[in-house]
1. Say the cut-off is 19 Å between C-alpha atoms; which of 304/349; 141/190; 132/190; 298/359; 117/200; 54/117 go over it?
2. Subtract the Cα-Cα distance of residue 453 and residue 351 from 0.36 nm times their separation in residues, and report this length gain in nm to one decimal.
3. Mind ordering 489-496, 142-149, 426-433 by average Cβ neighbours within 10 Å, highest first?
4. State, to one decimal in nm, how far the label point of residue 177 lies from the label point of residue 638, with both points 7 Å from Cα in the Cβ direction.
5. Would you please put 371-379, 41-49 in order of how densely packed they are, using the mean number of other Cβ atoms within 10 angstrom per residue and starting with the highest?
6. Hey, what do the phi angles of segment 666-680 turn into as Karplus ³J(HN,Hα) couplings, whole Hz, using 6.51/-1.76/1.60 and θ = phi - 60°, x for Gly and Pro?
7. Kindly state, to the nearest 0.05, the FRET efficiency for residue 194 paired with residue 359, given R0 = 60 Å and r defined as their beta-carbon distance.
8. May I ask you to evaluate 6.51 cos²θ - 1.76 cosθ + 1.60, the Karplus curve with θ = phi - 60°, for each residue of segment 200-207 and list the ³J(HN,Hα) values in order in whole Hz, giving x for glycine and proline?
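A short reminder: the numbers here are calculations on the coordinates, not readings from a lab. These figures come from a predicted structure and were not determined experimentally. Methodologically, a virtual Cβ is constructed for each residue, glycine included, from the backbone with ideal geometry; neighbour enumeration extends over all protein chains shown.
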Amino acid sequence: MFSQIKRLPLLAALMLYAVSASAEDRYTLDDLIKMAVEKNPSVAIFRANVEARKGVVVSSRAYPNPELGIEAGRGRSLDGPDSGGEYSISIGQPIERPAKRHFREKAAETGVLSSEKEKEGYLLLLRSDVKKGFYRLLYDKRAVKAAGENIGIMDGLLKTAEVRVKAGEAPEFELVKARVEKLRVDKELKRAESRVITSKAALNVLFGNTLPENFDIEGDFFMPEKRFDLQSLLANAVEKHPRMLKARREAEAKGYTLKMEEASVFPGITLKGFAGRELGREWYGIGQVLIYPDRLRKYDLSLKEVFDAVASNNANAGGNIIEHASEQYIVRGVGLIKSIQDIGDIVVKEHGGTPVFVKDVADVKFGPDTRQGAVVKDGKGEAVAGIVMMIKGGNSKEIVAGVKARVDEINRSNILPEGLKIKPFYDRTDLVEKCIETVTKALEEGAILVVVILYLFLRNFRGALVVALTLPLAVLSTFIIMWKTGLSANLMSLGGLAISLGMVVDAAIIQVENVQRHLSERGAEEHRLPVILESILEVRKPSLFGELIIAITFIPIMTLQGMEGKMFAPLAFTVVIALFSSLILSIFVIPVLCSFIMKGGEEKESPIIHWLKIPYIPVLIWAIGRPKVITAIAAGLLAGSLALFPFLGTEFIPTLDEGSLTTQVIRLPSINLTESVEIEKKM
């Protein structure tokens, strides 16, 4: 069998991988890198992205900005030789501060640099991939050559083994070993040839599969003359790698964007915790197009044609893609109105072979926008009003104090023009402080009433002290949980805490009263701890169920959405948190307080309880003996309350007395702004 194996000479082995490549299809490493930069599809995408960013720069430099408002109407001119009816088109455009426009342009320009660095980063990676593919293919070709040389050597060894076996100088086993080794070398050659094919395919992918089918490479390995340590390589990569440069450019662009947003706010007004909108902060410039009806008739035009011409000539338009050499270019038309002259040069139509411009049928000028409102302060004259709105989660007292401090700082500085001052005319700080004071007073009074009533009914100072100590601990625990969950101490949450004071001490009262009763019945000092534990466990389950039932009743309020949820959900959450705190305290704290504070002794009945029992016990005995009558009375009362419910009246929020007066003037809808301002001055 082995004697039939065909022996391939060295030349035949090398021809297994060799292909007939012409001189034009052989490439060096530099040739491949240059071709990859030209033909790689992703490079074209990055170039197009750079061009698109350059288009953003053009748009950012356009003046006015793209967002324009156009209005048309008819009026009557009473002055001048052309008095009579007028048609007008007003093009409104917000005038930005130069700083805002500057930062917008810088952000766009930095975006171009970022895109260029992104392209450079990809080119760097592409060159790296080409080099890796080139040297991988070169290595695989060397492996094929080495495998071919091994085959030649093995052919010689195999012939030598055959001669020695025939001469009897070596056993038959030597010939078998030589043939097996020859098979192994043949397989190595085939594997090397397969790797060459795979490496060529992977390298061709980087060129969009545009390389010839039988291309080949030429070159050699080389060792760099200069050697670098790890720290030098890392420092060089951090400083010069395109990805790091791109990240720096992106951060710079975001910084300019942030400055542009800051420039949108009046200098010195920015304050953490509130969002402000200054009324009348921006002056709106208007390109006024005053159309003459006689000129429209002269050129046989309508108002709509002029309106459509102005509107359609203020836009950017996307074109197509032009392919040139190995690159493609995006075509786009920039047609934004940049000046009053641009409006006048808009072509409306062609009349008698001559273009008719907007300036031929109208006067185009620049002027202020038509005002639709005014602010009058103290009847002395017009003023500019600003409103400070607190953002969600802000602290109203801290924000108002910060606003007042910042206003004083602005008034003392030279930010505003000479003679111009900021004066608050509507401050709700007093309202907030009064509301918080009212809720705080309710909490204090509620706590005092709870302690007093406990002592009057329990007639045990130690028991009342245990319950009284539970109250501040429960409130403190509630505030801690509110702080951890992000629930602020606003009017609704504090109100929920106020109405939950009685619920908070409910479990404590039940446990303390039961402990007091058991201690008075048994009274032995040495058995006090087991008695306390038994007393608390006896009522733990019913008090637990009672607290859970109360908490469950607030779940519907906790699930409210929208405005109702924002207002009333904090109240429900606060009540549930307070009940949860009292539950934890009743399990772990009250038994300890009872063991330290409460002592044995005869239980004294409160005179109030004694007086209440006199009418209560006979009524209770009478009610127990007549269950049907009591059930009928209860059902009648329930039906009566349901019947009265529709007559109670409803409102979303009860009327709040802020302690100040507000006047409102009802005017005719057709009143003009001048007359409205005069009315305000007389009030």
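1. 132/190; 117/200
2. 27.0 nm
3. Descending mean neighbour count gives 489-496, 142-149, 426-433.
4. Placing both labels 7 Å along Cα→Cβ, they lie 10.5 nm apart.
5. Answer by packing, highest mean first, reads 41-49, 371-379.
6. The phi angles translate into 8, 10, 5, x, 8, 5, 8, 5, 4, 5, 5, 5, 5, 5, 5 Hz.
7. 0.20
8. 5, 5, 5, 5, 5, 4, 5, 9
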